[in-house]
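Below you'll find the structure, written out as structure tokens, and then a few comments.
Each reported figure results from applying straightforward, stated rules to the coordinates on display, with no laboratory input. What you are looking at is a predicted structure, and each value in this text was computed from that prediction instead of being measured. When we count neighbours, we look across all protein chains shown, and the Cβ atoms used for this are built from the backbone with ideal geometry, even at glycine.
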Amino acid sequence: MYSTMTKEIICMMEDDNLHENMIDFCRSQYANNRHVLNLIDEFDRDYALYSPITWYTRDGFLYKMLNKALRINDIKPLVLLHNYIRHLHQQLIELQQQSIQKEPLILYRGQQMPIIEFEKIKNNIGGLLSISNFLSTTAIVDVAGIFAGHPLDDQTISCILFQIYIDPTVNTFPVANIERYSYFGEDQNPLLMFGGLLIQIGEYEKGEYFYLIGLTMESEPSRLVTIWNQLGIIYSHLNQIDEAQKCYVELLQIKQKYLDKDDPALATIYNNIGTIYHNQGNSQLALEHFQRALSIHLANPESNYEYIAAEYCNIAAIFIDQGNLQEAFQCQQRSLDINRKYLPSNHPYLAQSYYALAMSLYALGRYDEMFEYMQKALSIDKQSLPPNHPQSQFHEENMKAVVQRMFERIATGSIIIDDS
């Protein structure tokens, strides 16, 4: 009853002026994940361009954060996300009202859950089962079976297949076919769609299975691009770096056949390959790919400033590895200048830029300036992030370590302080 009342209250709340608070909260939850922060910026900028269902089904942050809050009745995120929840709920109601489905139907849902939770359900046969989050289902039992998975070595987890009987004439909660509004589209190959959903919920090995099958069935370049890109993401998450590299090289070869050499889509691939080379310790090849990505972004007036700032950071990291400290400092300075131009003064990205520049100044022995920028980073952390956030802790701990090292070097005479 409590969760039902919470949902009804949230759906009745109307305040479209809280969008900025919602975005700030989302950014604070993923302050150390640049990929997700890029998605959040897109969500902020393009929110009105796409339907709530499209945002929900997209591979990103929203699905996980929203359903976790609904599942455990975490009031703070529910209040901050209430506008989106209301919009999503309203779209589902509208789709249900437009539906011509009048006959009862059976839907399926496969999932894994702790055995202790499953035992509660088994002991409640004939009773009520309350579900507080948005529930994705399918009319195909085999698909639900894939999501349920197979018995695991973990004896605390059960693989569950729910069979759900729906009577459309009983209007107790909205049930709707969202295929037309899904991020994957109506004409998407079902294998690729299911693979994308599996990536979204972190089931990377299962997602790999679908995309490998897709490779044997697809010849359409646009779909091959999707497959190779998603496989690259999967292998990166699984830390199979060599396999991820092969995927991005295949992806690059396909896109080079159909795109102009300075198309922004190529920059992302060059960046991904550069990241892999960097992880493999091949700094020169990493540098070449990062510089190629940067040159494409700089040549395109419509390129997102965030990508340009990020490429300068990537190049700076390579210069540091190579001992080219002055070049690294110059790249970090350019990245900071871009972020200061486009970001709010208390944005977590800006704290990261100040911190990176401070570390470059430390390496160059410019300690007064280093402390100045480090203090700016810590100040933004305190303004924009919740207490004990990983980014804040990382910056604070590193500053303490830097100060400790400086005291040790002063004691040994390797640093001389000019107090004149």
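Please state the shape class of segment 105-166: rounded when a/c is under 1.5, otherwise prolate if a/b exceeds b/c and oblate if not, all from the C-alpha gyration tensor. Oblate, because a/c is 1.5 or more while a/b does not exceed b/c. Remark: Ser130, Ser182 ranked as Ser130, Ser182, counting other beta-carbon atoms within 10 Å and listing the fewest first. Residues whose amide H lies under 5 Å from that of Ile157, counting only those 5 or more places away or on a different chain, are Ile115; hydrogens are built 1.01 Å from N in the peptide plane.
The C-alpha atoms of the chain define a longest principal axis, and helix 283-299 lies at about 80 degrees to it.
Remark: relative contact order (segment 25-131) = 19 percent; criterion is Cα-Cα distance under 8 angstrom and separation of 6 or more residues. Fewest-first ordering of Ile75, Ile315, Ile157, Ile40 by other beta carbons within 10 Å of each residue's beta carbon gives Ile75, Ile157, Ile40, Ile315.
Stretching Gln383 away from Gln291 to a fully extended chain increases their span by 29.7 nm, per 0.36 nm per residue minus the current alpha-carbon distance. Calculated mean residue ellipticity, 222 nm, the chain: -21000 deg cm²/dmol, from DSSP H runs (n ≥ 4) at -39500 (n - 2.57) each, averaged per residue and rounded to 500. Other residues with beta-carbon under 12 Å from the beta-carbon of Asn300 carry, at +1 per Lys or Arg and -1 per Asp or Glu, a net charge of -3. So, in Å, what gap is there between the alpha-carbon centers of segment 200-243 and segment 17-38? That distance is 27 Å. 3J(HN,Hα) along segment 384-400: 10, 10, x, x, 6, 5, x, 5, 4, 4, 4, 5, 5, 5, 5, 5, 4 Hz, from the Karplus curve 6.51 cos²θ - 1.76 cosθ + 1.60 with θ = phi - 60°, whole Hz, x for Gly and Pro.
With 0.36 nm allotted per residue and the present C-alpha distance subtracted, the Gln253-Asn279 stretch has 7.2 nm of extension available.
Taken as Cα centroids, segment 60-87 and segment 253-288 sit 36 Å apart, rounded to the nearest whole angstrom. Each residue of segment 129-140 is assigned a 3J(HN,Hα), and the resulting list reads 10, 9, 10, 8, 9, 6, 10, 8, 9, 9, 8, 9 Hz, derived from the Karplus form 6.51 cos²θ - 1.76 cosθ + 1.60 (θ = phi - 60°), x at Gly and Pro.
Highest mobility in the GNM of the chain, judged by mean-square fluctuation with C-alpha springs under 10 Å and restricted to Asn239, Asn398, Asn123, is found for Asn123.
Taking Cβ atoms as reference points and 15 Å as the exclusive limit, the residues near Gly281 contribute a net charge of -3, counting Lys and Arg as +1 and Asp and Glu as -1. Computed from point charges on the beta carbon alone (+1 for Lys and Arg, -1 for Asp and Glu), the dipole magnitude for the chain about its Cα centre is near 440 Debye. In a fully extended conformation the segment linking Ile166 and Ile93 would gain 24.8 nm over its present Cα-Cα distance, using 0.36 nm per residue. Along the axis of the charge dipole computed for the chain (Cβ charges of +1 for Lys and Arg, -1 for Asp and Glu, origin at the Cα centre), the listed residues Pro77, Leu88, Met374 are led at the positive end by Pro77.
Short-range pairs are left out: with C-alpha atoms under 8 Å and at least six residues apart, the relative contact order of the chain is 11 percent. Relative to the longest principal axis of the Cα atoms of the chain, the long axis of helix 305-322 lies at roughly 50 degrees. As a proxy for reagent exposure, Leu364, Leu107 were ordered by neighbouring Cβ count within 10 angstrom, fewest first; the result is Leu364, Leu107. The overall shape of the chain is prolate: from the C-alpha gyration tensor, with semi-axes ordered a ≥ b ≥ c, the ratio a/c is 1.5 or greater and a/b exceeds b/c.
For the chain, the longest principal axis of the C-alpha atoms and the axis of helix 82-98 are separated by about 30°. Since only Leu212, Leu129, Ile410 are under comparison, the one whose Cα sits farthest along the positive direction of the charge dipole of the chain, derived from C-beta charges on Lys, Arg, Asp and Glu, is Leu129. Each residue of segment 269-274 was assigned a 3J(HN,Hα) from its phi angle through the Karplus expression (A = 6.51, B = -1.76, C = 1.60, θ = phi - 60°), giving 5, 4, 5, 4, 5, x Hz with x at Gly and Pro. Rounded to the nearest 0.05, the FRET efficiency derived from the C-beta distance between Gln404 and Lys261 at R0 = 51 Å is 0.55.
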